[in-house]
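Heads up, the thing below is written out as structure tokens.
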Amino acid sequence: MVNDRSFDEATKPAAPSMLQHNIWNHCHLPESMIVKAAAHKYISGGYVCGLNAFRCCLLMKDYTRLPEKDVFPYTFPLIDLESVRMGPRPVDYAQWMKRWCSSLDCHVYNGSWHETIEFIKKHLHQGNPVIALGSSGCLAHYFPIVGLGNGCVFVLESGGALRSASEEWLQYYMDVRIPTISGYSAFAIVK
């Protein structure tokens with residue numbers, strides 16, 4: 001059983017060259033795309049992980065015009081204070097990505113673990129970045145997946161740095177069970 005560790009606690013730094021090792025026998029995005037995401041300028045805020053994930057994916061797809069914090073959707077419980085803002089629900093997130101950049105498509109999947117992994121692998125094989133939704137406790141977190149297979153997953157942190165973790169952790173982390181969201185959610189960014 002994987003314990004309830006946060007994204008930063010459960011993942012460890014990785015180098016893009018690690019994706020090239022034949023021992024992994026997995027699907028991944030080209031190293032050149034991952035290096036582009038590393039140039040991402042991190043935007044701070046407790047509710048903008050989805051914005052940072054989308055910006056990394058846009059850079060991987062050679063976009064130079066990136067959305068800023070002032071256009072990112074959010075929700076709030078009672079009073080609109082930045083300290084209590086929450087990012088958008090998966091449906092709202094996908095709609096926002098589609099509206100923001102009409103020249104790309106956002107394929108959304110929510111379902112079982114096995115089907116979600118197949119969705120992720122299919123899009124990675126096609127060269128499409130995938131954003132996953134995970135959670136720790138009652139906090140949700142959007143993050144890009146750039147490689148997967150042989151029990152290992154490669155993800156990007158909000159600042160664009162490459163990290164690795166076990167597929168077991170990914171399954172546990174992506175099994176979101178918070179109000180208004182349940183199951184495994186993934187978004188493929190297709191150009």
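Does Asp70 satisfy being of a type in the set (D, E, K, R), touching a Phe, Trp or Tyr at 6+ places or on another chain (Cβ under 9 Å) and either farther than 14 Å from Gly160 by Cα or part of a strand (DSSP E or B) (or both)?
no
Give the stretch 74-99 a look and list any residue that's in a helix (DSSP H, G or I), at pLDDT 90 or above and within 16 Å of Ile131 (Cα to Cα), or say none.
Hits for the stretch 74-99 are Asp92, Tyr93, Ala94, Gln95, Trp96, Met97, Lys98.
Quick one: would you say Gly149 is surrounded by fewer than 13 Cβ atoms within 10 Å (Cβ to Cβ) and either modelled with pLDDT of 90 or more or within 20 Å of Glu168 (Cα to Cα) (or both)?
no
Can you work out which of the residues in the stretch 1-59 that are of a type in the set (Gly, Ala, Ser) and in a helix (DSSP H, G or I) is modelled with the lowest pLDDT?
Ser17
Need the failing condition index for Leu156 against (1) out of contact with any Pro (no Cβ under 6 Å at 6 or more places or on another chain); (2) aliphatic (A, V, I, L, M); (3) at pLDDT 90 or above, just the number.
(1)
Looking at Val84, Val71, Val108, which one is under 19 Å from His141 (Cα atoms) and under 14 Å from the mean Cα position of the chain (by Cα)?
Val108
I need a count of the residues in the stretch 61-106 that are crowded, with 17+ Cβ neighbours inside 10 Å and hydroxyl-bearing (Ser, Thr, Tyr).
Summing the residues that are crowded, with 17+ Cβ neighbours inside 10 Å and hydroxyl-bearing (Ser, Thr, Tyr) in the stretch 61-106 gives 3.
Could you tell me which of the residues Val130, Val155 is of a type outside the set (D, E, K, R) and in contact with a Phe, Trp or Tyr (Cβ under 6 Å, 6 or more places away or on another chain)?
Val155
The values are calculated or read from the model by the stated rules, or taken from the named source; none is laboratory data. Predicted model only: the values in this text are computed from it and were never measured. So basically every Cβ, Gly included, is an ideal-geometry build from the backbone, and we count neighbours across all protein chains shown.
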